[in-house]
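The values are calculated or read from the model by the stated rules, or taken from the named source; none is laboratory data. Owing to the predicted nature of the structure, the values given are computational and were not obtained by experimental measurement. Methodologically, a virtual Cβ is constructed for each residue, glycine included, from the backbone with ideal geometry; neighbour enumeration extends over all protein chains shown.
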Amino acid sequence: MRSRKKAGPLSATDLEYFKEQLLRKRREIFRNVFEIEGETLKKSRLDASGDLSSMPIHMADLGTDNYEQEFALGLMDSERRILHEIDAALERIAQGTYGICEGTGEPIPRARLEAQPWARYCVEYARMVEEGRIEGEL
């Protein structure tokens, strides 16, 4: 069992704690995505069924429905990106590199990991990536 191994500034207990936080967030996102997909597909099936009783009468209502569907799709895309980051963080735990900034090689402060357990960069480096001063993926 690797739980005794220490990676960077984090103890085995810390790593186990963050792994559980990541897995909990992963389950939460999966539930959210399935609910959003279910609602979006349900509306799409009603539209495709030819049942005009659920169709909006006014063009503004149709625009609202389209906006809601676009919003739901954007939200699902955002959630899927976070899932990708969570999976990458779980892999870093397995490899023993979790909690180390991928840009600087320095430890990521615990407060940052508490706020965003899937963080791959320290705040300063993430800010530089966001501002375009450094190449990187957020």
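Here are the numbers for the structure shown:
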| read-out | value |
| --- | --- |
| Close pairs (8 angstrom Cβ cut-off, 6 or more residues apart or separate chains): closer than 14 Å to residue 80 by Cβ in the stretch 16-35, modelled with pLDDT under 95 and of a type in the set (D, E, K, R) anywhere | 29/79; 32/79; 33/79; 33/80 |
| Residue check, residue 54 exposed (fewer than 15 other Cβ atoms within 10 Å of the Cβ), over 17 Å from the mean Cα position of the chain (by Cα) and at pLDDT below 95 | yes |
| Extreme residue, farthest from residue 112 (Cα to Cα), among residues of the stretch 18-40 that are among the hydrophobic types (A, V, I, L, M, F, W, C) and in contact with a helix residue (DSSP H, G or I) (Cβ under 8 Å, 6 or more places away or on another chain) | 36 |
| Among the residues listed as 89, 115, 126, the single one being hydrophobic (A, V, I, L, M, F, W, C) and exposed (fewer than 12 other Cβ atoms within 10 Å of the Cβ) | 115 |
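One line per residue, one yes/no per condition, for (1) more than 30 Å from residue 128 (Cα to Cα); (2) over 23 Å from the mean Cα position of the chain (by Cα); (3) modelled with pLDDT of 95 or more:
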{"site": "13", "(1), (2), (3)": "yes, yes, yes"}
{"site": "17", "(1), (2), (3)": "no, no, yes"}
{"site": "26", "(1), (2), (3)": "no, no, yes"}
{"site": "32", "(1), (2), (3)": "yes, no, no"}
{"site": "37", "(1), (2), (3)": "yes, no, no"}
{"site": "48", "(1), (2), (3)": "yes, yes, no"}
{"site": "75", "(1), (2), (3)": "no, no, no"}
{"site": "117", "(1), (2), (3)": "no, no, yes"}
